[in-house]
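Below is one structure, written out as structure tokens; comments come after it.
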Amino acid sequence: MGRRMSCGQNGGFFMQPGGTARLEASKRGMTYYWLAFSMHRQKPNSADDPGEEGEPYKHFPCWGAVQGVPFSLCLEWLDEMMRCRFAQKETAAFAYQVRFQQLLLLLFQNKRLSAESASVPDKREAVERSIQHMLHYCQEMLTVEELARIAQVDRWRFTRLFKQATGQLPLDFLNDVRIERTKKMLAQTDDRLQDIAAHVGFNNEYYLYEQCRRISHTCVLPQSSENWRFLLRKVADYFGRTEQAEEQIAAYEAKAQRARRDLQGIADKQSVACLRISADHIFLYANAEKGFSGSVLYRDLGLHPYRQYPGFTETEHAPMVSLTREQLAHLQADHLFVTFDKWHTQAPGAERDILADPVWSALPAVRNQHVYEVDFLTWMNNGMIANTKKLEQVVQALG
């Protein structure tokens, strides 16, 4: 009789060459991955290293049961390997091998941590395991549940133990790890902020910016963010990168000029409006000097804003104005850029209820299919990265 092992959702095992195994599924069924690989021991480099060519499997560190934790990461790597296992291009084949090596390393580490936890009753050691995992895999989308599994502690107990050991909640600690890595990359590279955000594990450059506001020794900037060029020059001067900032601003201006020429026909004859719609409000951005989107549409691109609706004169200097349903009915703009604000939504999808309203259906832009939905984070931020994306999206929609 062989040894019987029970594997849960994230369980697996390494079987020695020549061995056999029988898999038995529970009543719920089973899905599994089967990976076969060969080992080749490197030839000795000197007389002091005789090697053991012909017995490479003797040195494999991880026979038997293993845990694939975090399971979501293992699953992602396995799916990626399955997709490119027959790849013909060298880069894709190399990527396959890299993923396989990463998976092996993760399983080896989990095996070692499991052995250590069996011999060390102190749960603070379990917290240290989760910390080491954050340091190695901070770029992944880690959750408290996954960190607790790595620590091999119940989720409800893990958070308390972690805070006792570090003074922080697990995800706050993870954010600090990512921020420290961000600071290092900002100091040592010229990478774009969006590339750094992806590398350290933040969803996008906007969230990274919000997190970086927590970094000490910050440069104090004016509260107003309307003039992004001024703010960029201010930050560049603080870090001694004035020349690079001027190059980026010049590149933006050149791109805006090209887009303006491409859109000249529309700018001369048709009007454009930008709406921010939530479950409770409709906001129109129609000011060329203020607001997240008006400065790009009407100043940088020279498009014509639509302002002829009841009550506009009282709010013409505001960055945005709130429209009632009755005022929306008077919005005769030829083109509409629309972004949906989910922050104030109580029920999923409530911000889109206006789309079923007869008032909306009667708008000229809607009837003529000249409505363009745009990304909320991009259009509700003001800066070179966001505004460059707006230029590109407007040209794509109207060009």
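The values are calculated or read from the model by the stated rules, or taken from the named source; none is laboratory data. Given the structure is predicted, the values throughout are model-derived calculations rather than measurements. For neighbour counting, all protein chains shown are included, and Cβ atoms are generated from backbone atoms with ideal geometry for every residue, glycine included.
Summary table below
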quantity	calculated
Tally of residues being of a type in the set (Ser, Thr, Tyr) and out of contact with any strand residue (DSSP E or B) (no Cβ under 8 Å at 6 or more places or on another chain) across region 331-372	2
Subset of region 229-260 (residues that are more than 28 Å from Leu363 (Cα to Cα), in a helix (DSSP H, G or I) and of a type in the set (D, E, K, R))	Arg229, Arg233, Lys234, Asp237, Glu243, Glu246, Glu247, Glu253, Lys255, Arg258
Segments classed as helices (runs of 4 or more DSSP H), wholly inside region 41-152, with at least 1 members that are modelled with pLDDT under 80	71-83, 90-119, 123-137
Residue in region 17-26 that is at pLDDT 70 or above, of a type outside the set (Phe, Trp, Tyr) and either in contact with an Asp or Glu (Cβ under 6 Å, 6 or more places away or on another chain) or assigned to a strand (DSSP E or B) (or both) present	no
Residue within region 317-331 that is at pLDDT below 90, in a helix (DSSP H, G or I), closer than 14 Å to Leu275 by Cβ and out of contact with any helix residue (DSSP H, G or I) (no Cβ under 8 Å at 6 or more places or on another chain) present	yes
Scope region 258-298; condition modelled with pLDDT of 85 or more, among the aromatic types (Phe, Trp, Tyr) and either under 20 Å from Val395 (Cβ atoms) or touching a His at 6+ places or on another chain (Cβ under 8 Å) (or both); matching residues	Tyr285, Tyr298
Residues being over 28 Å from the mean Cα position of the chain (by Cα), farther than 18 Å from Ala329 by Cα and outside any helix (DSSP H, G or I) - total across region 271-311	8
Among (1) out of contact with any helix residue (DSSP H, G or I) (no Cβ under 7 Å at 6 or more places or on another chain); (2) over 27 Å from Ala245 (Cα atoms); (3) not in a loop (DSSP other than H, G, I, E, B), the one test that Leu336 misses	(1)
Single unsatisfied condition, His136 versus (1) closer than 25 Å to Gly240 by Cα; (2) surrounded by fewer than 17 Cβ atoms within 10 Å (Cβ to Cβ)	(1)
Matching residues in region 153-172 - criterion: being buried (at least 20 other Cβ atoms within 10 Å of the Cβ) and either touching a strand residue (DSSP E or B) at 6+ places or on another chain (Cβ under 6 Å) or at pLDDT 85 or above (or both)	Phe158, Phe162, Pro170
Residues of region 353-399 satisfying the condition of being in a helix (DSSP H, G or I), polar (S, T, N, Q) and touching an Asp or Glu at 6+ places or on another chain (Cβ under 9 Å)	Asn387, Gln393
First in region 243-257 and under 16 Å from Arg299 (Cα atoms), second anywhere and not in a helix (DSSP H, G or I), Cβ under 8 Å, 6 or more apart	Ala256/Leu301
